[in-house]
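Structure, as structure tokens:
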Amino acid sequence: MVYCIADNILSPLGATTAENYEALRAGRSALTSYASYSGRSEDDYVASRFSDEQREKLMVNGLTWFESLCYHSVTEAMSHCAIDVASPRTLLVVSTTKANIDYLSASDYATLQPAESAKRIASLLGITTPPLVVCNACISGVAALVTAQRLLDCGSYDTAIVVGCDVISHFVVSGFQSLKAMSPEACRPFDIERIGLNLGEAAATMVLGQRAKVEGQRSKVEGWQIVRGGIRNDAYHISSPSPKGEGCASAIRYVTEGVDLQTLSALNAHGTATMYNDQMESVAIAAAGLSDVPMNSLKGYYGHTLGASGLLETIVTMHSLTRGQSVALHSVAQGELLATRGFSEIGVSGRINISAKPVNVSKQSFVKIISGFGGCNAAIRLDASSEVKEVKEDSNCNYSIAHSVRITPQGATIDGKQIDIDAEADSMLTALYKRYVGSYPKFYKMDRLSQLGFVASELLLNQEHPRLQQCADRAVVLFNHSSSVWVDREYAKSITVGDDYFPSPSLFVYTLPNIVCGEIAVRNGYHAETSFYIMPNKDKDMMHQVLASTFLDETIQSILAGWIDFEDDQYFEAELKLIKR
């Protein structure tokens, strides 16, 4: 079983977990009003941002703002344990949505891409293994914990350092404003008067290890164990949650399978304070049988911290349920679930147990849930009781390759055989679509990365007889190096301040690389896991480790997996495989 050895939260409310926890107990919020990047008063926004003084103190010479926050958070967490960071058995997992996106126009942006940025952070920390970046929209933080847990359970590593971070940028603020998702005042999760979300910047770190590998480590959070984590897709829409909340409910059911729900002390929700997400979550919570479990949202304190959110909120919940005391010594009889700041009157239809005041709890087990664009949902269950039973996952992580497809500017192959392409009048991807697909007009609305993934997946799945659709046991797990750089640049053109300033909501959604997974899931009705990883290079050993560990989720029987990268029309590559347990 995987244990939380140490942690840190670095936010505008404090540089340590303890400082953050005390600020929250005192009811403090970091949300403040800021002038717009566009210069238009109607674009002013509310967010949680570090002050200029804090920023000056935290900047590390030679690193970007994003990298500096990651470095400080990991360093603080590591000061509470004695892990050998140079060991080949230690892995760094970075959770982020846009990393250094404000440097997009810089001539050296290639060196600031998420995978290269993670390499720089790892090097400065003394970590020798290649880092892994989880870029799975808003669920990235929880998805990173799930990935790390699996890799440890598979025996690939002894220790995983998981850090989540995102920073406030013109790029991200304008994007959420284009979606009409931001509130001009402090957000109000699950409240009848909620009108949107606030953004926030923060970094959060959790150091994880197997029990046998961390004997002798002493930490305030030593007793917390990650019991089970799961990721599920709605297969409904890439930017709108399913009204029935099937994906979220499915993830909750998976992590609570076989558990007496009365033993859960709390549920920490995503609770963005947007109309549709809060409504969806409430329906999913009720459908999964957790209506009576005390729940909260922390967005009223921090805003939505994107890639840091899942980690930060999990850490806060761990400490609040044990009041920061030693779990191992059981020195307290009660913990507390912090109040949902901004909540006053219920404004969702699903029955939930939410409070505007702190709630005393005596049990030490909770579930964290989170949802994001691309139809993705994640849940994770942690337990600090001495009586927790280890969940026995299917240890058979072997798989075989059923079919494969490869597409580059030089041509395309299916199961190693070259196929014909007539690209005289069209781009290669359009020509492939017209000849081999031709019945899904949404193709023309997709960005290039999604078009590449869509066409490659269609060529691959057409080899399957019968073609599997509307299933809950097929995952989509993809990797690349350049994230969503092509559409990032296209979106950036729409936010050049001036007469042409017109942020494109359709382009902004595709600036999340995991959207390609969502497109494939929606097209085929795949309701299992969808995950996207960014790597310094095409590391087949690491890809194999991730894919093999994904099969620890015993409900997954097959995975549409592989490498998919699109930098421009001269350089792109898709190498997808259909693998089966």
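The values are calculated or read from the model by the stated rules, or taken from the named source; none is laboratory data. Fair warning: this is a prediction, and the values are worked out from it, not measured in the lab. Here the Cβ is made from the backbone with ideal geometry for all residues, glycine too, and neighbour counts use every protein chain on show. Areas reflect the complete protein model, heavy atoms only, side chains present, ligands, DNA and RNA absent. Shrake-Rupley method; radii C 1.70, N 1.55, O 1.52, S 1.80 Å.
Tabulated results
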quantity: Filter result for the condition that a residue is free of Cβ contacts under 8 Å to residues at least 60 places away in the same chain and over 23 Å from the mean Cα position of the chain (by Cα), over SER107, SER68, SER87; calculated: SER107
quantity: Residue count for segment 200-219, restricted to those that are surrounded by fewer than 23 Cβ atoms within 10 Å (Cβ to Cβ), at pLDDT 60 or above and either among the aliphatic types (A, V, I, L, M) or more than 27 Å from the chain's Cα centre (by Cα) (or both); calculated: 0
quantity: Number of the exception - ARG28 against (1) over 16 Å from GLU185 (Cα atoms); (2) modelled with pLDDT of 95 or more; (3) not hydrophobic (A, V, I, L, M, F, W, C); calculated: (1)
quantity: Filtered residues of segment 73-102 (kept if in a helix (DSSP H, G or I) and at pLDDT below 95); calculated: ASP102
quantity: Residue match in segment 125-141 (condition: closer than 25 Å to THR314 by Cα, open to solvent by 10 Å² or more (accessible area, probe 1.4 Å) and either in contact with a His (Cβ under 9 Å, 6 or more places away or on another chain) or modelled with pLDDT under 95 (or both)); calculated: yes
quantity: Number of positions in segment 160-187 that are open to solvent by 10 Å² or more (accessible area, probe 1.4 Å) and outside any helix (DSSP H, G or I); calculated: 9
quantity: Condition broken by ASN100, with the remaining ones in (1) in contact (Cβ under 8 Å) with a residue 60 or more places away in the chain; (2) within 22 Å of SER309 (Cβ to Cβ) satisfied; calculated: (1)
quantity: Filter result (buried (at least 21 other Cβ atoms within 10 Å of the Cβ), part of a loop (DSSP other than H, G, I, E, B) and at pLDDT 95 or above) within segment 351-382; calculated: ILE352, PHE373, GLY374, GLY375
quantity: Meets criteria (modelled with pLDDT under 95, open to solvent by 10 Å² or more (accessible area, probe 1.4 Å), over 20 Å from the mean Cα position of the chain (by Cα) and closer than 30 Å to ALA6 by Cα) for GLY155; calculated: yes
